[in-house]
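**Q** Okay, here's the structure, questions in a sec.
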Protein chains: 2
Amino acid sequence: MAIGKPAQQAPAGEPTGRRQPLNRQRVLSAALAYADRHGLAGLTMRRLGTELGVEGMSLYKHVADKDALLDGIVELLWAEVPAGPAPDAGWRQALRNFADGLYRVFGRHPIVAPLIATRNFVNIEVLRRYQAYLELLRQTGFDRRRGLDAIGAVVGQGVGYGLLALRYTDPAPQTAEPESNLQRIRRITRTLPADVPDPLVELAVDLTSECDTDRCFAISIDALLAGLAPGPA
Amino acid sequence: MAIGKPAQQAPAGEPTGRRQPLNRQRVLSAALAYADRHGLAGLTMRRLGTELGVEGMSLYKHVADKDALLDGIVELLWAEVPAGPAPDAGWRQALRNFADGLYRVFGRHPIVAPLIATRNFVNIEVLRRYQAYLELLRQTGFDRRRGLDAIGAVVGQGVGYGLLALRYTDPAPQTAEPESNLQRIRRITRTLPADVPDPLVELAVDLTSECDTDRCFAISIDALLAGLAPGPA
DNA sequence: CCGGCCAGCTTACGCGGTAAGCCGGCCGGG
DNA sequence: CCCGGCCGGCTTACCGCGTAAGCTGGCCGG
């Protein structure tokens, strides 16, 4: 074998010996950060390894497999959502906050957040939040089932609009200077068949600029909350 | 080279010669069907090729690359949504129908439909539908921008609840006989840390059985539509 | 002082996407 | 009637991925 790194002794900074050992948390946050920057397709066990100064295979000591890694990322994303209602908030305000926090996660992690919608949904962070808000709802007179439905509705909106906002904006290039109008049109058109009638192209352009997803979200969460009410099923 | 299929002449059914040549449509629907049955991870260019009686590489004559294939599948999914308002329907009814059609796609293609939320959003089928419904809204007094917002809101709900319904149900096993209650608990718990408190486990179980996503969806789409109104921004 | 343990390393396998080029049959022009 | 080009499909080859299996060297409790 090659000698590997001869200096297992920490290069300069660690007290006792060897570098700070990995653990699930460090692996997951590194994965989230890496995917945020390099895209989901760019996230690879080997590359994540190098990022952490470690061989790819070593990660398997801390996550079962790549699926588990992705599920762990989802956990981290949920951890950014308010963990429970503010102490003085009414239930509507609390749920609005909850949904809003969820919605915002998509803005902060445009590339990674869709995992929330596509991977295993149930994880501790989710359960903790559901329980906290459910508790509040029960105190307000919701029965368990109605409460779960209400929370579900609110989560559905957060996720739905969060995704929609991304999709409307998404294929943005992220280069230094903003793209010209013509460039944008060409980019949008490229995935479409050649014979798309002009009005549809215009529509496509408007979709990425005219729509105010934030406002749509606010409006419809308010409408929803107005339509909900305590009581048994 | 190997002789390949010696009988290029159609085996029994085709008139002129060789098998019916592939085309984008056939490739896409085969891909959708295959992924429906074998999962997204199971969908492979080579395997899809064999499914179509063709070598994997041949598919690249009809789709640019795998990404384009997936985007094409999304197109097919959208094609299942009502293309425009029924002639006699009011705008609320039309939008409800639209959202509902979208929502149902997730039920019909539980494995594949999440692609709608994660891949390129803009494609012709989408544009066609947006235009059709936008047209109706404008006739009702919405200005273009408000109309787009309304459609967006409705789509957001369809997608959001569609996904949520899947996630609540999802990790179902699809074996012949239904799993025992204990099996289900174990399955749900497996992805969670070992020390989850019991109430959270109970919550997890309830999430997959107690929640009535259909009803949540109906309620909140109604609430939303009630809250929308024509007029300029 | 030493035995076990465990984080991380190495090797190796099968499979995925796809670039590049090849071939053989059909079809339209001479 | 012949022939040249075209085009659908085939072949080969490359590189990177996820991961099974086993190894190793240093730390730590006895």
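**Q** Identify, please: which residue in region A:134-144 is over 17 Å from B:Thr208 (Cβ atoms) and within 11 Å of chain B (Cβ to nearest Cβ) and is, among those, nearest to the chain's Cα centre (by Cα)?
**A** Only one residue fits best here, namely A:Glu135.
**Q** Here is a check on your reading of the model: is B:Leu95 at pLDDT 90 or above and closer than 20 Å to A:Thr191 by Cβ?
**A** Spelling it out, it is not the case that B:Leu95 is at pLDDT 90 or above and closer than 20 Å to A:Thr191 by Cβ.
**Q** If I filter region B:1-58 down to residues being of a type in the set (D, E, K, R) and more than 10 Å from DNA strand D (Cβ to nearest atom), which single residue comes out as modelled with the lowest pLDDT?
**A** B:Glu14
**Q** Applying the selection to region A:51-82, what residues are farther than 21 Å from A:Val126 by Cβ, touching a Leu at 6+ places or on another chain (Cβ under 7 Å) and part of a loop (DSSP other than H, G, I, E, B)?
**A** Within region A:51-82, A:Leu52, A:Val54, A:His62 qualify.
**Q** Which residue out of B:Leu28, B:Leu115, B:Leu102, B:Leu95 is touching a residue at least 12 places away in the same chain (Cβ under 8 Å) and outside the structural domain of B:Val159 (by TED's automatic domain parsing)?
**A** It is B:Leu28.
**Q** In addition: Can you tell me which residue is nearest to B:Gly156 (Cα to Cα) among those in region A:215-227 that are of a type in the set (Gly, Ala, Ser) and at the interface with chain B (Cβ under 7 Å from one of its Cβ atoms)?
**A** A:Ser220
**Q** Let me ask something else about it. Take the residues of region A:43-85 that are of a type in the set (D, E, K, R) and within 16 Å of DNA strand C (Cβ to nearest atom): which is farthest from the chain's Cα centre (by Cα)?
**A** In this case the residue turns out to be A:Glu55.
**Q** Filter region A:84-121 for residues that are more than 14 Å from chain B (Cβ to nearest Cβ), crowded, with 17+ Cβ neighbours inside 10 Å and not in a helix (DSSP H, G or I) and give the result.
**A** A:Pro85, the sole residue that qualifies.
**Q** If a residue has to be surrounded by fewer than 18 Cβ atoms within 10 Å (Cβ to Cβ) and within 14 Å of DNA strand D (Cβ to nearest atom) to count, how many in region B:63-83 make the cut?
**A** The number of residues fulfilling the criteria is 3.
**Q** List the number of the failed condition for A:His38; all other conditions in (1) under 28 Å from B:Phe106 (Cα atoms); (2) more than 16 Å from DNA strand C (Cβ to nearest atom); (3) without any contact (Cβ under 8 Å) to a residue 24 or more places away in the chain hold.
**A** The number of the failed condition is (1).
**Q** Quick check on my filter: what residues within region A:190-214 are without any contact (Cβ under 8 Å) to a residue 40 or more places away in the chain and at the interface with chain B (Cβ under 7 Å from one of its Cβ atoms)?
**A** A:Thr191, A:Leu192, A:Pro193, A:Val196, A:Pro199, A:Leu200, A:Leu203, A:Ala204, A:Asp206, A:Leu207, A:Glu210, A:Asp212
The values are calculated or read from the model by the stated rules, or taken from the named source; none is laboratory data. All of these numbers come straight from a predicted model, not from anything done at the bench. As a convention, Cβ positions derive from the backbone with ideal geometry for all residues, glycine included, and neighbour counts pool all protein chains shown.
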